[in-house]
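Worksheet for the structure shown next.
Nothing in this text is a laboratory measurement; each read-out follows from the coordinates by a stated rule. If you're wondering where the values come from, they're calculated on a predicted model, not measured in any experiment. Please note: Cβ atoms are built from the backbone with ideal geometry, for glycine as well, and neighbour counts cover all protein chains shown.
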Amino acid sequence: LDTCQLTRIYDTCGERPLAPDLGKSMQIVGGINALPGTWPWLVSLQVPSAKGPQHLCAGSILDAHWVLTAAHCFKSGKRSLQSHRIVIGATDISNLLDTVQLRSIYRIVPYQEYNPQSEANDIALVELSSPVIFDNYVQPACLPHSTVDSETLFSDCYISGWRMTTQRGKETSVILQEARVKILETSKCNSSWWYNGAMSPYTLCARYEDGGIDTCQGDSGGPLMCKTSPTSPFYVVGITSWGKGCGEGTNPEVYTSTQPFLKWIHGEMVKTEGDPALKHQLIHPSSCLVASLWIACLLLQSLNLLQSPHWLL
């Protein structure tokens with residue numbers, strides 16, 4: 001498998017430089033507190049409130065300029081882009097350390113066929129105002145290849161976010177939470193036993209077979225992350241979309257599958273490269289190389305060491 005479908009500019013993706021090996025499954029809503037650097041592609045999308053910035057949704061870093069999240073996080077349309085902020089590399093969002101990076105939103109790109117009534121195609125891209133800097137606390141996520149069977153190949157899956165501590169809780173957890181889950185067969189989740197046909201195409205569902213672990217409102221837009229083997233990187237195979245109840249052990253959570261949208265994701269990211277208004281935000285190694293060669297050519301010309309005009313770029 002290609003471990004980095006959309007982040008070829010970087011050597012790795014889905015890596016966790018500071019994270020210890022994950023142990024056995026965690027229990028109940030709220031799971032356990034994640035250690036700093038455990039999920040370095042996780043971001044907190046925040047909006048202003050009377051008490052200060054408030055966590056709205058989670059998201060996953062795809063590259064230095066883009067975050068993947070759920071479209072329903074922005075369907076109210078009541079807040080301007082300038083009012084949002086993206087908190088990157090944080091574990092405790094109430095106490096931002098020096099390792100945390102803050103960015104504003106340049107634009108939001110929801111999937112064009114997102115349906116806010118059925119929550120079908122619940123996926124969106126967020127372009128950052130300026131690129132993030134990758135380090136031990138901030139890393140890009142991997143996306144799975146479109147041909148991978150997520151329901152059978154990924155057996156080691158996790159969820160993480162600043163989730164609600166109770167189903168009716170009014171406050172999200174300020175500490176990043178994590179828990180281990182299992183992807184279930186979509187046909188089983190969509191049966192009369194659970195969602196009775198309410199799941200739209202291009203969705204996944206996950207929880208523990210015995211219940212007790214699922215995501216809550218504070219995790220909207222956050223990733224369902226899986227590995228193919230103990231040594232493989234983590235892949236973001238799903239985006240938290242919706243569910244019934246929270247940690248009650250009765251219904252699995254529904255996730256937008258990332259695989260059917262890979263072409264769209266890549267297409268939107270590439271559009272930026274062709275938009276003159278956005279080019280100032282991009283730093284490409286190839287552009288740096290061209291600029292370096294151009295300067296070298298000018299220097300050689302000034303020294304009369306470059307005679308042929310065919311060397312000019």
Amide H partners (placed H, <5 Å) of Ser191, local residues excluded: Asn196, Gly197
Rounded, prolate or oblate (a/c below 1.5 giving rounded, otherwise prolate when a/b exceeds b/c) for the range 42-116 by Cα gyration tensor: oblate
Extension gain, Ser80 back to Asp135 (0.36 nm per residue minus Cα-Cα distance, nm): 16.8 nm
Neighbourhood net charge (9 Å Cβ-Cβ; Lys/Arg +1, Asp/Glu -1) for Ser241: -3
Shape call, the range 54-168: gyration tensor on alpha carbons, a/c limit 1.5: rounded
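By the scheme Lys and Arg +1, Asp and Glu -1, what is the net charge of all other residues having a beta-carbon under 11 Å from that of Ser129? Mind dumping the intermediate values first?
Details: positive: Arg85, Arg103, Arg107; negative: Glu127.
Summing Lys and Arg as +1 and Asp and Glu as -1 gives +2.
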The range 222-271 shape via C-alpha gyration tensor axes, a/c threshold 1.5: oblate
In nm, spacing of pseudo-spin labels at Gln117 and Trp193 (7 Å Cα→C-beta vector): 3.0
The range 80-145 pair-distance distribution - Cα-Cα, 5 Å bins, rounded %: 3, 14, 18, 20, 21, 14, 8, 3, 0
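Among the listed pairs Lys51/Lys182; Lys51/Lys188; Lys244/Lys271; Lys75/Lys188; Lys182/Lys271, which have their C-alpha atoms separated by more than 32 angstrom in this model?
Pairs exceeding the cut-off: Lys51/Lys182; Lys51/Lys188; Lys244/Lys271; Lys182/Lys271.
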Surrounding net charge for Ala120, when Lys and Arg each add one and Asp and Glu each subtract one, Cβ distance under 15 Å: -2
Proxy reagent accessibility, fewest Cβ within 10 Å first, across Trp193, Trp39, Trp264, Trp162: Trp193, Trp264, Trp39, Trp162
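For the range 72-137, calculate the relative contact order in percent as a whole number, restricting contacts to Cα pairs under 8 Å that are 6 or more residues apart.
Numbers: 84 pairs, mean separation 19.7, N = 66.
It comes to 30 percent, rounded to a whole number.
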